[in-house]
1. With the requirement that a residue be open to solvent by 30 Å² or more (accessible area, probe 1.4 Å) and either closer than 15 Å to V244 by Cβ or part of a helix (DSSP H, G or I) (or both), what does the stretch 1-24 give you?
2. Kindly indicate the residue of the stretch 100-149 that is among the small types (G, A, S) and buried (at least 16 other Cβ atoms within 10 Å of the Cβ) and also nearest to L180 (Cα to Cα) among those meeting that condition.
3. Which residues, taken from the stretch 141-156, are assigned to a loop (DSSP other than H, G, I, E, B) and closer than 28 Å to L101 by Cβ?
4. With the condition kept exactly as written, say whether any residue in the stretch 213-230 is surrounded by fewer than 21 Cβ atoms within 10 Å (Cβ to Cβ), of a type in the set (D, E, K, R), touching a strand residue (DSSP E or B) at 6+ places or on another chain (Cβ under 6 Å) and modelled with pLDDT under 95.
5. Out of the residues in the stretch 186-195 that are in contact with a helix residue (DSSP H, G or I) (Cβ under 6 Å, 6 or more places away or on another chain) and either of a type in the set (A, V, I, L, M, F, W, C) or open to solvent by 10 Å² or more (accessible area, probe 1.4 Å) (or both), which is farthest from the ligand (Cβ to nearest atom)?
6. For the stretch 1-22, give me each residue that is β-branched (V, I, T) and within 16 Å of the ligand (Cβ to nearest atom).
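The values are calculated or read from the model by the stated rules, or taken from the named source; none is laboratory data. Quantities reported herein were computed from a predicted structural model and do not represent experimental measurements. Here the Cβ positions follow ideal geometry from the backbone for every residue, glycine too, while neighbour counts run over all protein chains shown. When the accessible area is computed, the model is the full protein with side chains, heavy atoms only, and any ligands, DNA or RNA have been set aside. Shrake-Rupley method; radii C 1.70, N 1.55, O 1.52, S 1.80 Å.
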Amino acid sequence: MNSQPIGIFDSGVGGLTVAKGILEALPKESIVYIGDTARVPYGTRGIEIITQFATELVQFLLKHNVKILVAACNTISATCLDKLQENSPVPVIGVIKPAVLEASKTTRNKKVGVIGTRAIVNSKIYEKEIAKLDSEIEVLSQVCPLFVPIAEEGMGNNGIAKLAASQYLDVFNEINIDTLILGCTHYPLLREVIQEVVGIDVTLVDSAHPTARDLKAFLEENNLLNAVGDVTKQFFVTDAPERVREVADVFLGCHVVPALEKVTL
Ligand code: DGL
């Protein structure tokens, strides 16, 4: 048993969708979240810079005495998870493997689509991880950079989102996918329009729920669950806390961000 908090980090507010999944699956756990809103987006940057920024987020969370770290950002998970794992004294879990496992179990026709940021798609991480599980699965990846600002502006369900979705996602109709991985923390906020464009027969897989499930299993297996009653939720950002407060509820769903603090890394 272990009452130390779970550390969750992301390039900005998107990781709150993963935090939401974790809070739902593990309501008795304390969490510390940090979003690097001063330097978001990471998805357009090179691997070295992403690694440097992610390392700083990890160091911040380690100072908060976390028992485990969750890289709640597909871009970080795709580019430097192994480096973070090598250098961390506590376990580090990413969001890609859990989603890949879920998609490989979901697909029936072995045709899986992936959507993500440029860094994610360029890394070919989903293709590599899916091939490890089942080399017969065909993967088609598509970059959807406009989805991130659309989600952050709270426009995930309007005409602009629909236009962007059909522009980006029509390509999937050509190969008849039956499963689509939402490979970016922001994309669950466009879930309805994405579903509309790809069709109801396509199963959408996001990272939040499979990651929360794997985290729970890991904590159980390693006897790391919190047995004490006290639960704390701390949220930190590196810039613009007022703006984050405005959008945080959308990303976190029913959970409100009680205290949000600006910090310098
Ligand atoms: N959180 C990031 C991700 O999942 C999206 C935004 C960014 O590009 O930093 O990749």
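1. Result: K20, E24.
2. First pass over the stretch 100-149, keeping only residues among the small types (G, A, S): 103-104, 113, 116, 119, 123, 131, 135, 141.
This time we only want the ones that are buried (at least 16 other Cβ atoms within 10 Å of the Cβ), so: 103-104, 113, 116, 119, 123, 141.
Details: A103: 8, S104: 11, G113: 5, G116: 11, A119: 18, S123: 18, S141: 9 Å.
Once the filter is applied, the top-ranked residue is G113.
3. Here is the first cut: in the stretch 141-156, the ones assigned to a loop (DSSP other than H, G, I, E, B) are 144-146, 153-156.
Matches in the stretch 141-156: C144, P145, G156.
4. There is no residue in the stretch 213-230 that is surrounded by fewer than 21 Cβ atoms within 10 Å (Cβ to Cβ), of a type in the set (D, E, K, R), touching a strand residue (DSSP E or B) at 6+ places or on another chain (Cβ under 6 Å) and modelled with pLDDT under 95.
5. Just the residues of the stretch 186-195 that are in contact with a helix residue (DSSP H, G or I) (Cβ under 6 Å, 6 or more places away or on another chain), to begin with: 186-190, 193-194.
Okay, now just the ones that are also either of a type in the set (A, V, I, L, M, F, W, C) or open to solvent by 10 Å² or more (accessible area, probe 1.4 Å) (or both), so 188-190, 193-194.
Values: P188: 11, L189: 11, L190: 13, V193: 18, I194: 15 Å.
Checked the stretch 186-195; the qualifying residue farthest from the ligand (Cβ to nearest atom) is V193.
6. Across the stretch 1-22, the qualifying residues are I8, V13, T17, V18, I22.
Yes or no, residue by residue, for (1) more than 18 Å from the chain's Cα centre (by Cα); (2) loosely packed, with under 15 Cβ neighbours inside 10 Å; (3) within 16 Å of the ligand (Cβ to nearest atom):
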position: A164; (1), (2), (3): yes, no, yes
position: I177; (1), (2), (3): yes, no, no
position: I181; (1), (2), (3): no, no, yes
position: V197; (1), (2), (3): yes, no, no
position: D201; (1), (2), (3): yes, yes, no
position: L204; (1), (2), (3): no, no, yes
position: A208; (1), (2), (3): no, no, yes
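Residue-wise test of (1) of a type in the set (S, T, N, Q); (2) touching a residue at least 24 places away in the same chain (Cβ under 8 Å).
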| site | (1), (2) |
| --- | --- |
| L61 | no, yes |
| N65 | yes, yes |
| V92 | no, yes |
| K97 | no, yes |
| E102 | no, yes |
| T107 | yes, yes |
| T117 | yes, yes |
| E127 | no, no |
| S141 | yes, yes |
